[in-house]
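Shown next, in structure tokens, is the structure this report addresses.
Computed from the coordinates by the stated procedures, all read-outs in this text should not be read as laboratory data. Bear in mind the structure is a predicted one, so any value in this text is a computation, not a measurement.
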Amino acid sequence: MEKNEQIELLFDRYLANECTPAEVRRLIGYFGAPEDEETLRALVSRQLGSAPQENAALTPAVDEVYDRLMKKLIFRKDGTPAPKKQVPTKHFSFPGWSRVAAIWLALLVSIGGAVYFFAGSGGGSDETAGEVATPLHIEKTATGERRRIVLEDGSVVWLNAQSKLSYPVSFEKNIREVTLEGEGYFEVFRDTKRPFIVRSGAIITKVLGTSFNIKAYREDPTASVAVLTGKVQVNSKESTIQITPDQQVLYTRKNGNIIKQDGIDAKAKITWKDGKIQFRNVLLADVVKTLQRNYTVDITYNNLLATCPVHADFEAETPVGKVLEMLSVSFGGKVTKRGDTQYYLDGTCLQP
């Protein structure tokens, strides 16, 4: 994955207050790299509505902003709060425009939430951080693609279609942290000294060593975490829930509601990694989303069918037209092909 995409990902996560301490250090480090200036200038300009100013008259204002920012959260390199005596008095050594841009970027975030700056870990040192953390690696899957990824610690991740996994090339000494958009099945190597954390939107999944599936596509109204082996802790702003095999957490994005469900078939939720498409009492509206992630098609349907429950099994290689024909039987309807890649489903919902 190109470096520019890594920077943009961190930039967007920073503005959304979703960055981890290591990610913030990494982003701040990019501001000191001349080769990244063009990318960062474009991203900052996008937020400010104009190019960052280079007028020397801005210096006093920037210095004042800096002093105020340094009174906010200051952290050591290990992520713990630094004593007040360690708060740096020197300015960040960002060259030219990037120093101004970085501070104004920090202001953008501080308006809506926390601001993270990092002090050195040495006692009494007034050097500010700017170190570049371990490089971030990004894996993306296309429509219908599945991929197996082996992480530095030996953990294995299967990434489903139209998903993205962001992770460091090597993990920190005290934590293993990744970010998931979409769906992934994790088999985490046990390490009691380094918990494994998956950030997926509004939920954070924490384990020591276990296997579990996370489905968290941005466009879906819900996100879920299902456990196959071991114990998993799922955190949201509202609550913390622990789940064990054949249990899952269901998080509703709209209202932040989070619940635990017992007696699920966790294995059925990961058949996708073996090239199978399986639905167990899944609403047709969600079935259509899954199919569109696996086939390059546009599927529309009669809204009356949206809540029809679907029970079906398919091989991923099955032509989408055949899949839709088989599905249409379950709701007593028909499928109409409209163009090369467009389909329409109609009929009545036959409740079981």
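Figures for the structure shown
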read-out: Difference of contour (0.36 nm per residue) and Cα-Cα distance, K3 to Y344; value: 118.7 nm
read-out: Entries in K164/K322; K173/K231; K193/K254 that, when Cα-Cα distance is taken, lie over 25 Å; value: K164/K322; K193/K254
read-out: Largest to smallest principal axis extent of the C-alpha atoms in segment 214-298, angstrom; value: 38, 29, 18
read-out: Nonlocal amide H pairs with T229, under 5 Å, H built at 1.01 Å; value: S211
read-out: Prolate/oblate/rounded label for segment 258-329 (Cα gyration tensor, a/c 1.5); value: oblate
read-out: Value of relative contact order over segment 186-288, rounded to a whole percent, pairs C-alpha under 8 Å and six or more apart; value: 18
